[in-house]
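Report on the following structure.
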Amino acid sequence: MKLSLNHKSPIPLHIQAEDLLRRMIKDPEFQNGKLLPNEVDLAAQLRISRTTLRQALNKLVYEGLLVRKKGVGTKVADTAVSSKSANWLSFSQEMKARGIPIRNFELHVSWAYPEEAVTAFLEVPANQKLLKVERLRGRPEGPFVYFVSWFHPGTGLSGEEDFKRPLYDILEQDYGIVAELSREEISARGADKFIAGKLETETGSPVLFRKRYVYDQDGRPIEYNLGYYKADSFVYSVESRRAT
(Lines give C-alpha, C1' and ligand atoms only; values in the text may rest on other atoms or scores of the structure.)
Protein backbone atom coordinates (compact mmCIF):
# COMPACT_ATOMS: atom_id res chain seq x y z
CA MET A 1 0.00 0.00 0.00
CA LYS A 2 1.38 3.42 -1.00
CA LEU A 3 1.71 5.72 1.98
CA SER A 4 1.75 9.32 0.78
CA LEU A 5 -0.23 12.55 0.91
CA ASN A 6 -0.89 15.21 -1.73
CA HIS A 7 0.75 18.35 -0.37
CA LYS A 8 -0.66 20.43 -3.24
CA SER A 9 -4.27 19.49 -2.46
CA PRO A 10 -6.58 22.05 -0.79
CA ILE A 11 -7.67 19.25 1.58
CA PRO A 12 -5.99 19.78 4.99
CA LEU A 13 -3.13 17.38 5.68
CA HIS A 14 -4.70 16.03 8.89
CA ILE A 15 -7.85 15.12 6.92
CA GLN A 16 -5.76 13.39 4.27
CA ALA A 17 -3.85 11.55 6.99
CA GLU A 18 -7.12 10.44 8.57
CA ASP A 19 -8.39 9.11 5.21
CA LEU A 20 -5.11 7.28 4.68
CA LEU A 21 -5.32 5.69 8.12
CA ARG A 22 -8.88 4.54 7.41
CA ARG A 23 -7.64 2.81 4.25
CA MET A 24 -4.76 1.26 6.18
CA ILE A 25 -7.23 -0.15 8.72
CA LYS A 26 -8.98 -2.07 5.92
CA ASP A 27 -5.75 -3.31 4.35
CA PRO A 28 -4.94 -6.99 5.12
CA GLU A 29 -1.33 -5.90 5.68
CA PHE A 30 -2.36 -4.31 8.96
CA GLN A 31 -4.89 -6.88 10.16
CA ASN A 32 -4.56 -9.60 12.82
CA GLY A 33 -2.83 -7.44 15.39
CA LYS A 34 0.02 -6.15 13.21
CA LEU A 35 1.37 -2.78 14.26
CA LEU A 36 1.14 0.32 12.11
CA PRO A 37 4.42 2.09 11.32
CA ASN A 38 5.58 4.07 14.34
CA GLU A 39 4.64 7.74 14.50
CA VAL A 40 8.12 9.09 13.79
CA ASP A 41 8.62 6.95 10.67
CA LEU A 42 5.09 7.45 9.35
CA ALA A 43 5.17 11.22 9.86
CA ALA A 44 8.51 11.39 8.03
CA GLN A 45 7.23 9.25 5.19
CA LEU A 46 4.11 11.42 4.80
CA ARG A 47 6.20 14.60 5.22
CA ILE A 48 3.99 15.96 7.97
CA SER A 49 4.59 16.84 11.61
CA ARG A 50 3.94 14.32 14.36
CA THR A 51 1.34 16.73 15.75
CA THR A 52 -0.61 16.58 12.48
CA LEU A 53 -0.36 12.79 12.35
CA ARG A 54 -1.34 12.44 15.99
CA GLN A 55 -4.45 14.55 15.35
CA ALA A 56 -5.60 11.94 12.83
CA LEU A 57 -4.55 9.00 15.01
CA ASN A 58 -6.35 10.36 18.06
CA LYS A 59 -9.62 10.62 16.17
CA LEU A 60 -9.49 6.97 15.09
CA VAL A 61 -8.46 5.86 18.56
CA TYR A 62 -11.46 7.77 19.94
CA GLU A 63 -13.73 6.00 17.41
CA GLY A 64 -12.40 2.64 18.58
CA LEU A 65 -10.80 1.79 15.23
CA LEU A 66 -7.22 1.92 16.49
CA VAL A 67 -5.66 0.82 19.77
CA ARG A 68 -2.55 2.54 21.10
CA LYS A 69 -0.39 1.05 23.84
CA LYS A 70 2.48 2.96 25.39
CA GLY A 71 5.80 1.34 24.63
CA VAL A 72 4.24 -1.03 22.09
CA GLY A 73 2.68 0.98 19.28
CA THR A 74 -0.57 1.45 17.41
CA LYS A 75 -2.59 -1.34 15.83
CA VAL A 76 -5.98 -1.91 14.25
CA ALA A 77 -8.59 -2.67 16.89
CA ASP A 78 -10.25 -6.06 16.77
CA THR A 79 -13.82 -5.87 15.56
CA ALA A 80 -15.87 -5.58 18.72
CA VAL A 81 -18.53 -8.13 19.44
CA SER A 82 -21.84 -6.43 20.24
CA SER A 83 -24.87 -7.41 22.26
CA LYS A 84 -28.34 -5.91 22.24
CA SER A 85 -30.66 -5.91 25.20
CA ALA A 86 -33.94 -6.41 23.34
CA ASN A 87 -35.19 -9.98 22.82
CA TRP A 88 -32.29 -11.37 24.76
CA LEU A 89 -30.89 -14.85 24.21
CA SER A 90 -28.28 -16.92 25.96
CA PHE A 91 -24.73 -15.91 25.05
CA SER A 92 -24.30 -19.01 22.87
CA GLN A 93 -27.56 -18.39 21.01
CA GLU A 94 -26.80 -14.72 20.42
CA MET A 95 -23.29 -15.30 19.11
CA LYS A 96 -24.55 -18.10 16.85
CA ALA A 97 -27.26 -15.81 15.47
CA ARG A 98 -24.59 -13.22 14.68
CA GLY A 99 -22.33 -15.76 13.00
CA ILE A 100 -19.55 -15.25 15.56
CA PRO A 101 -17.55 -18.41 16.33
CA ILE A 102 -17.16 -18.88 20.08
CA ARG A 103 -14.68 -21.00 21.98
CA ASN A 104 -15.03 -22.19 25.58
CA PHE A 105 -11.67 -21.72 27.32
CA GLU A 106 -12.72 -22.77 30.82
CA LEU A 107 -15.77 -24.37 32.45
CA HIS A 108 -16.00 -24.92 36.21
CA VAL A 109 -19.06 -26.34 37.96
CA SER A 110 -19.30 -26.47 41.75
CA TRP A 111 -21.61 -26.19 44.75
CA ALA A 112 -20.68 -23.26 46.97
CA TYR A 113 -21.95 -20.77 49.51
CA PRO A 114 -22.83 -17.53 47.65
CA GLU A 115 -22.53 -13.93 48.75
CA GLU A 116 -25.42 -12.14 50.42
CA ALA A 117 -26.44 -10.37 47.20
CA VAL A 118 -27.01 -13.75 45.54
CA THR A 119 -29.06 -15.26 48.34
CA ALA A 120 -31.10 -12.08 48.64
CA PHE A 121 -32.07 -12.14 44.97
CA LEU A 122 -32.70 -15.89 44.79
CA GLU A 123 -34.55 -15.76 48.12
CA VAL A 124 -32.70 -18.70 49.68
CA PRO A 125 -31.10 -19.16 53.13
CA ALA A 126 -27.59 -17.78 53.57
CA ASN A 127 -26.28 -21.17 54.72
CA GLN A 128 -27.46 -23.05 51.62
CA LYS A 129 -25.01 -24.17 48.96
CA LEU A 130 -26.00 -23.29 45.39
CA LEU A 131 -24.92 -24.46 41.98
CA LYS A 132 -22.20 -22.19 40.61
CA VAL A 133 -21.09 -22.28 36.98
CA GLU A 134 -18.04 -20.32 35.82
CA ARG A 135 -17.26 -19.97 32.13
CA LEU A 136 -14.46 -18.24 30.26
CA ARG A 137 -15.45 -17.66 26.65
CA GLY A 138 -14.39 -15.75 23.58
CA ARG A 139 -13.29 -15.89 19.99
CA PRO A 140 -10.97 -18.71 18.86
CA GLU A 141 -7.99 -16.37 19.20
CA GLY A 142 -8.65 -15.39 22.80
CA PRO A 143 -11.18 -14.94 25.64
CA PHE A 144 -13.18 -11.75 26.09
CA VAL A 145 -15.80 -12.60 28.71
CA TYR A 146 -15.85 -14.37 32.06
CA PHE A 147 -19.26 -15.44 33.43
CA VAL A 148 -20.28 -16.53 36.92
CA SER A 149 -23.81 -17.93 37.28
CA TRP A 150 -25.66 -18.95 40.45
CA PHE A 151 -28.89 -20.95 40.17
CA HIS A 152 -31.95 -21.30 42.35
CA PRO A 153 -32.21 -24.88 43.70
CA GLY A 154 -35.77 -24.97 42.38
CA THR A 155 -34.46 -25.19 38.81
CA GLY A 156 -33.52 -28.80 39.45
CA LEU A 157 -30.04 -28.40 37.94
CA SER A 158 -27.68 -31.02 39.33
CA GLY A 159 -24.36 -29.81 37.97
CA GLU A 160 -24.03 -32.90 35.79
CA GLU A 161 -25.55 -31.15 32.76
CA ASP A 162 -23.59 -30.45 29.59
CA PHE A 163 -23.03 -26.73 30.05
CA LYS A 164 -21.50 -26.51 26.60
CA ARG A 165 -25.13 -26.42 25.47
CA PRO A 166 -26.97 -23.06 25.54
CA LEU A 167 -27.97 -22.52 29.15
CA TYR A 168 -31.57 -21.56 28.53
CA ASP A 169 -32.02 -24.55 26.22
CA ILE A 170 -31.01 -26.78 29.14
CA LEU A 171 -33.50 -25.13 31.47
CA GLU A 172 -36.36 -25.22 28.98
CA GLN A 173 -35.80 -28.56 27.26
CA ASP A 174 -34.61 -30.58 30.25
CA TYR A 175 -36.47 -28.95 33.14
CA GLY A 176 -39.43 -27.16 31.59
CA ILE A 177 -38.29 -23.76 32.92
CA VAL A 178 -38.59 -20.82 30.55
CA ALA A 179 -36.30 -17.87 31.28
CA GLU A 180 -38.55 -15.00 30.29
CA LEU A 181 -37.33 -11.79 31.93
CA SER A 182 -33.86 -10.36 32.37
CA ARG A 183 -33.05 -7.27 34.41
CA GLU A 184 -29.54 -5.93 34.06
CA GLU A 185 -27.14 -3.50 35.68
CA ILE A 186 -24.11 -2.38 33.68
CA SER A 187 -21.07 -0.49 34.94
CA ALA A 188 -17.39 0.04 34.18
CA ARG A 189 -14.50 -0.96 36.40
CA GLY A 190 -10.83 -1.78 36.31
CA ALA A 191 -9.87 -5.43 36.11
CA ASP A 192 -8.52 -6.85 39.36
CA LYS A 193 -5.68 -9.36 39.28
CA PHE A 194 -8.02 -12.36 39.02
CA ILE A 195 -10.17 -10.98 36.17
CA ALA A 196 -7.13 -9.61 34.34
CA GLY A 197 -5.62 -13.08 34.43
CA LYS A 198 -8.77 -14.65 33.06
CA LEU A 199 -9.20 -12.12 30.23
CA GLU A 200 -5.48 -12.03 29.42
CA THR A 201 -5.19 -8.31 29.98
CA GLU A 202 -3.41 -6.00 32.40
CA THR A 203 -4.54 -5.34 35.95
CA GLY A 204 -6.53 -2.11 35.98
CA SER A 205 -7.56 -2.43 32.33
CA PRO A 206 -11.17 -1.33 31.64
CA VAL A 207 -13.82 -4.03 32.00
CA LEU A 208 -17.55 -3.86 31.29
CA PHE A 209 -19.24 -5.38 34.34
CA ARG A 210 -22.81 -6.65 33.99
CA LYS A 211 -25.17 -8.09 36.59
CA ARG A 212 -28.10 -10.05 35.16
CA TYR A 213 -31.14 -11.07 37.18
CA VAL A 214 -33.17 -13.75 35.40
CA TYR A 215 -36.80 -14.70 36.13
CA ASP A 216 -39.09 -17.46 34.85
CA GLN A 217 -42.56 -16.97 33.35
CA ASP A 218 -44.11 -16.68 36.80
CA GLY A 219 -41.68 -13.98 37.90
CA ARG A 220 -39.64 -16.30 40.11
CA PRO A 221 -35.86 -15.72 40.26
CA ILE A 222 -33.86 -18.52 38.67
CA GLU A 223 -30.38 -17.18 37.91
CA TYR A 224 -28.00 -14.54 39.23
CA ASN A 225 -25.32 -13.91 36.61
CA LEU A 226 -22.17 -11.80 36.60
CA GLY A 227 -20.34 -11.02 33.38
CA TYR A 228 -16.91 -9.41 33.00
CA TYR A 229 -16.31 -8.26 29.42
CA LYS A 230 -13.00 -7.12 27.98
CA ALA A 231 -13.80 -3.50 27.14
CA ASP A 232 -11.86 -3.32 23.86
CA SER A 233 -13.56 -6.44 22.51
CA PHE A 234 -17.21 -5.98 23.37
CA VAL A 235 -19.91 -3.36 22.79
CA TYR A 236 -23.18 -3.51 24.70
CA SER A 237 -25.87 -1.56 22.83
CA VAL A 238 -29.30 -0.62 24.11
CA GLU A 239 -32.24 0.20 21.87
CA SER A 240 -35.11 2.21 23.35
CA ARG A 241 -38.32 3.55 21.92
CA ARG A 242 -39.85 6.72 23.36
CA ALA A 243 -43.30 6.24 24.82
CA THR A 244 -45.98 8.33 23.09
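The values are calculated or read from the model by the stated rules, or taken from the named source; none is laboratory data. Model, not experiment: these values are computed from the prediction. Backbone-built Cβ (ideal geometry, glycine too); neighbour counts: all protein chains shown.
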- Meets criteria (of a type in the set (Ser, Thr, Tyr), modelled with pLDDT under 90 and crowded, with 17+ Cβ neighbours inside 10 Å) for Ser92: yes
- Query: Does at least one position in region 141-161 carry a residue that is assigned to a loop (DSSP other than H, G, I, E, B), crowded, with 20+ Cβ neighbours inside 10 Å and in contact with a Phe, Trp or Tyr (Cβ under 7 Å, 6 or more places away or on another chain)?
  - Reply: yes
- Those residues that are out of contact with any helix residue (DSSP H, G or I) (no Cβ under 9 Å at 6 or more places or on another chain) and under 21 Å from Ala77 (Cα atoms), I need them from region 1-37; list them, please. Arg23, Lys26, Asp27, Pro28, Glu29, Asn32, Gly33, Lys34, Leu35
- Note on the structure: Exactly one of Ala43, Ala77, Ala56 is touching a residue at least 24 places away in the same chain (Cβ under 8 Å) and farther than 16 Å from Asp232 by Cβ, and that one is Ala56
- Message: Tally up the residues in region 130-140 that are buried (at least 20 other Cβ atoms within 10 Å of the Cβ) and not aliphatic (A, V, I, L, M), please.
- Response: 2
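Rundown of residues vs (1) modelled with pLDDT of 90 or more; (2) out of contact with any helix residue (DSSP H, G or I) (no Cβ under 7 Å at 6 or more places or on another chain), yes/no style:
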{"residue": "Ser110", "(1), (2)": "yes, yes"}
{"residue": "Leu122", "(1), (2)": "yes, yes"}
{"residue": "Tyr146", "(1), (2)": "yes, no"}
{"residue": "His152", "(1), (2)": "yes, no"}
{"residue": "Glu161", "(1), (2)": "yes, no"}
{"residue": "Glu184", "(1), (2)": "no, yes"}
{"residue": "Gly190", "(1), (2)": "yes, yes"}
- Reported set for region 162-185 where residues are part of a loop (DSSP other than H, G, I, E, B) and without any contact (Cβ under 8 Å) to a residue 60 or more places away in the chain is Asp162, Phe163, Gly176, Ile177, Val178
- From the options Lys193, Lys164, Lys211, residue that is closer than 24 Å to Glu116 by Cβ and surrounded by fewer than 15 Cβ atoms within 10 Å (Cβ to Cβ): Lys193
- Note on the structure: Scanning region 196-208 for residues that are in a loop (DSSP other than H, G, I, E, B) and at negative phi, the one surrounded by the most Cβ atoms within 10 Å (Cβ to Cβ) turns out to be Thr201
